[in-house]
1. To the nearest 20 Debye, how big is the dipole of the chain about its Cα centre, given +1 on the beta carbon of each Lys and Arg and -1 on that of each Asp and Glu?
2. Could you sort 263, 226 by accessible area so the largest value comes first, with the probe set to 1.4 Å?
3. What translational D, rounded to a whole number of µm²/s, comes out for region 71-129 from Stokes-Einstein when the hydrodynamic radius is the Kirkwood one over Cα pairs, at 37 °C and 0.692 mPa s?
4. Ignoring everything except DSSP H segments at least 4 long, calculate the 222 nm mean residue ellipticity for the chain; use -39,500 (n - 2.57) per segment, divide by total residues, nearest 500.
5. Which distance in nm do the two modelled labels at residue 227 and residue 207 give, with both placed 7 Å along the Cα-to-Cβ direction?
6. Which whole-number percentage describes the relative contact order of region 147-228, with Cα contacts under 8 Å and a sequence gap of 6 or more?
7. Using a/c under 1.5 as the rounded threshold, could you call region 174-277 rounded, prolate or oblate? The axes a ≥ b ≥ c are square roots of the C-alpha gyration tensor eigenvalues, and prolate needs a/b larger than b/c, oblate otherwise.
8. Hey, what's the chain come to in accessible area per residue, 1.4 Å probe, Å²?
Amino acid sequence: MTAPAVKLVVVAGTRVAVTRRDGAELVILTRLAGRGAGIWDGLWSRLAKRFTVANVDLSLPEGSLLDDPGAVFDGYADLTVRVARELGHPRFHVFGWNGGSHIALHAAARRSDALFSCTLLGAFSTLPDMRRAEAGVAFMRTMMNQPDKELYALYWFMSGLTPGFVEEHYDRVAALARRRAEADRFVHMDIERLTKWIKALRRHWLSDAELNRIRIPVTILAPDLDLWHAGPTVAMARALAERIPTATLEVLEDAGSLIALEDPDRIAHLFLSSLRN
């Protein structure tokens, strides 16, 4: 079964990439960027053989909204629900990756009537000792403050992939880095605003009471390699899973945060398996 072509449409006032499959359930993929960096491509094509798949073109908030990340994630969770409904799906599966995990989790906690399931890949959470993550963020800031944005993008990809994959597919990794440096608004933000947001991603913005009330299935996929040392980490995923009564934690051995790019078959299999459980 081949995957249908991706179409760009405007839904609920925002750009949405979508592949439609008649009679199929909807999966919305969330991350704090559009589809342009190529992160979702391999997983998308696999999921689209069975589901209607959509990705909302999100960007970081402007001005004072940045001071309330929880409200931003909540607003984006609302947006995913509106997009799903306008696409004709009163309920859907949400799959959040890294920063998009915050959006997916807010949808699970506050819009659960619209969801079948929630999957989080590389989710962030607050730990009692955040010193390692803080050092990683400081290193990220140093690289992002350089004029050559492609260098930061290249190291971002290299840190999320296994060394063996980078060695074998370096030309592909370098091309992805160029694509991100050119297309992703994130890497061109003001450095102070950007650093503030990166730190905000490494906290949780839902109370324990809200997480404890989640009743839909939540699957947390936790890659065990953190070459950037800024998270996401297995410890963050475990801390989050302990707060959600319906959570299932799957530790992905020998995997980095870009495992969906490196091995989309593995992630598609885990996603489908979680729906059967």
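The values are calculated or read from the model by the stated rules, or taken from the named source; none is laboratory data. Please read these numbers as outputs of a predicted model, since none were measured by experiment. Because the Cβ atoms are built from the backbone with ideal geometry, glycine has one as well, and the counts that use them run over all protein chains shown. When the accessible area is computed, the model is the full protein with side chains, heavy atoms only, and any ligands, DNA or RNA have been set aside. Shrake-Rupley method; radii C 1.70, N 1.55, O 1.52, S 1.80 Å.
1. Around 740 debye, computed over the chain.
2. The ordering from most to least exposed comes out as 263, 226.
3. Value of D from the Cα-based Kirkwood radius: 285 µm²/s.
4. The per-residue figure over the chain is -13500 deg cm²/dmol.
5. For the pair residue 227/residue 207, the computed spacing is 4.1 nm.
6. Relative CO of region 147-228 lands at 42 percent.
7. Oblate, because a/c is 1.5 or more while a/b does not exceed b/c.
8. 44 Å²
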